[in-house]
1. Cβ contacts < 9 Å: first residue over 16 Å from Ile56 (Cβ atoms), restricted to the range 72-99; second residue among the polar types (S, T, N, Q) and part of a loop (DSSP other than H, G, I, E, B), any location; separation 6+ or different chain. Result?
2. Identify, by number, the condition in (1) closer than 19 Å to Gly104 by Cβ; (2) open to solvent by 30 Å² or more (accessible area, probe 1.4 Å) that Ser73 doesn't meet.
3. Scan Phe68, Phe17, Phe9, Phe79 and give me the residue that is open to solvent by 20 Å² or more (accessible area, probe 1.4 Å), in a helix (DSSP H, G or I) and under 21 Å from Gly104 (Cβ atoms).
Amino acid sequence: SNTELETNFAPWVYPVFGWAPFDAAAVAQAKQNIARALASLNAHLEAHTFLVGERITAADISVAGALFRPVQSVVDEEFRKPFPNVWRWFLTCVNQEQFKSVLGNVVLVDKAYTA
């Protein structure tokens with residue numbers, strides 16, 4: 001869920017932007033929790049284009065929003081590899097005209113930024 005992602009991304013993303021002190025143990029735990037959440041999402045998206053139904057809904061907007069900053073800063077190519085369905089879905093969402101009008105062009109980071 002959106003809440004699970006945002007809560008777990010905080011210890012990983014915030015130090016990169018100087019919003020919180022770096023804590024290696026917290027980042028390691030966050031990565032494990034995020035990987036678990038993304039694995040569940042990846043399994044669901046294997047048979048679905050969107051999170052609920054056949055069109056973008058508030059669920060897609062919410063979860064894509066939770067991934068927006070992390071994929072541009074810390075969720076690098078290596079971390080994304082086990083979750084191809086998530087990134088297919090994410091890119092499908094953010095490349096819709098309505099998303100682009102708000103977010104602009106979203107570029108996935110190749111190598112994670114560090115604190």
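1. Here the result reads Val74/Thr114, each pair linking the range 72-99 to a residue that is among the polar types (S, T, N, Q) and part of a loop (DSSP other than H, G, I, E, B).
2. Ser73 satisfies every listed condition except (2).
3. Working: Phe17 fails: in a helix (DSSP H, G or I); Phe9 fails: open to solvent by 20 Å² or more (accessible area, probe 1.4 Å); Phe79 fails: under 21 Å from Gly104 (Cβ atoms).
Going through Phe68, Phe17, Phe9, Phe79 in turn, just one is open to solvent by 20 Å² or more (accessible area, probe 1.4 Å), in a helix (DSSP H, G or I) and under 21 Å from Gly104 (Cβ atoms): Phe68.
Every residue, every condition in (1) loosely packed, with under 12 Cβ neighbours inside 10 Å; (2) in contact with a strand residue (DSSP E or B) (Cβ under 6 Å, 6 or more places away or on another chain); (3) of a type outside the set (Lys, Arg); (4) over 15 Å from Glu4 (Cα atoms), yes or no:
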{"residue": "Ala37", "(1), (2), (3), (4)": "no, no, yes, no"}
{"residue": "Ala59", "(1), (2), (3), (4)": "no, no, yes, no"}
{"residue": "Asn85", "(1), (2), (3), (4)": "no, no, yes, yes"}
{"residue": "Thr92", "(1), (2), (3), (4)": "no, no, yes, yes"}
{"residue": "Thr114", "(1), (2), (3), (4)": "yes, no, yes, yes"}
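The rows are residues; the columns are (1) among the charged types (D, E, K, R); (2) touching a residue at least 24 places away in the same chain (Cβ under 8 Å); (3) touching a helix residue (DSSP H, G or I) at 6+ places or on another chain (Cβ under 6 Å).
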{"site": "Asn8", "(1), (2), (3)": "no, yes, yes"}
{"site": "Val13", "(1), (2), (3)": "no, yes, yes"}
{"site": "Phe17", "(1), (2), (3)": "no, yes, no"}
{"site": "Ala25", "(1), (2), (3)": "no, no, no"}
{"site": "Leu41", "(1), (2), (3)": "no, yes, yes"}
{"site": "Glu54", "(1), (2), (3)": "yes, no, no"}
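The values are calculated or read from the model by the stated rules, or taken from the named source; none is laboratory data. Since this is a predicted model, take the numbers as computed values, not measurements. Glycine gets a Cβ as well: all are built from the backbone with ideal geometry, and neighbour counts include every protein chain shown. Note: accessible area is taken over every heavy atom of the protein model, side chains too, but ligands, DNA and RNA are not part of it. Shrake-Rupley method; radii C 1.70, N 1.55, O 1.52, S 1.80 Å.
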